[in-house]
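Contents: one structure, followed by commentary.
What follows is calculated from the coordinates using simple rules that are stated; it is not laboratory data. Note that this is a predicted model, so its numbers are computed, not measured. Cβ atoms come from the backbone with ideal geometry, glycine included; neighbour counts cover every protein chain shown.
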Amino acid sequence: MFALFNKKTAKKFIVLEGVDGSGKTTAAHCLAERLGYEYVKTPGDIFAAVRPLFEDKAHVTGRLYFYLGTVLYASEDIKKKLARGLGVICDRYIYTTICYQRAMGAQVSKELEKEIISELQMPDLTLFLYADKEARHQRLGMRQQASLGYRGDQWLEQNDQFQDKLVKLFKRYPMKTVDTSKLDSDEVCEILLKQINKK
C-alpha cells in the first residue's frame, strides 16, 4: 500500500535571503536543527581560500561571476541532497547574489539573470529577512566582537546607504518579508517555521 504524500512533512528546499545583520545565518542554523534539514550557505566554505581574491572593489565583473559560480555550485549540491530525500535550508542564494552585485555596480542583464536562474534548483520557498538600522548595528557589533569567520565584506555591512539600496533591489523579487528588528533569535525561528509549514 502506497504511503500518502503529506505536504507538511515533505522535505523542502528553503532559502533565507536578506540584509546584513537581519539574523539569516542564526535563523538558518535554527531551522536546519529544528526540521532536521541540511544547512547550506553561499559562498560555501570550499571557496574560503579564493574568496578574498575577488573582493577588490575594482574587479566588478570578476566578482560578479565568482559569486554566480558559487551559487551554481551550491545548486548542484542541493539537487543531490534533495534527490536523496533530504530537506535543505540555504543561507543566501541567487537573489542575494544578484542584488549585492548590482548594488556594487555590476551590470547584471535580464538575459544573464534568466540564464543563470534556468540552471538552478529553485527553492520551494524564499523568505526575506529585514532588520532596521538600529537592530542591524547592534547585531553586527556583536558579530565583530566574536570575530566570526571571513569578514572581507565587512565594509558593506556598516554602510547604511548600501543596505538601503539592497532593500530596494530585494523588493523586485517574490519573497515573503519577515521583519526581525524587534525579535530575538528564537522568535524569528518560530515565525519562519510557521511560514514554512504554510507552504
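Springs between Cα atoms under 10 Å define the GNM used for the chain, and in it the highest mean-square fluctuation of K171, K11, K57 occurs at K57. Take 72-84, 102-114 and order them by the average number of nearby Cβ atoms within 10 Å per residue, most first; the result is 72-84, 102-114. Taken about its Cα centre, the chain carries a charge dipole of about 580 debye when Lys and Arg each add +1 at the Cβ and Asp and Glu each add -1 at the Cβ.
For K41, nonlocal amide neighbours, meaning residues 5 or more places apart or on other chains whose placed amide H falls under 5 Å from its own, are D91.
From the cross-link list K12/K110; K11/K41; K11/K182; K133/K198; K12/K57; K79/K168, which pairs have alpha carbons spaced over 26 Å apart?
Values: K12/K110 28 Å; K11/K41 18 Å; K11/K182 30 Å; K133/K198 29 Å; K12/K57 36 Å; K79/K168 30 Å.
Beyond 26 Å: K12/K110; K11/K182; K133/K198; K12/K57; K79/K168.
Taking the convex hull of the alpha carbon positions in the chain and averaging its projected area over all directions gives 11.7 nm². Under 14 Å of direct C-alpha separation, and excluding same-chain neighbours fewer than eight residues apart, K194 reaches these aspartates and glutamates: D186.
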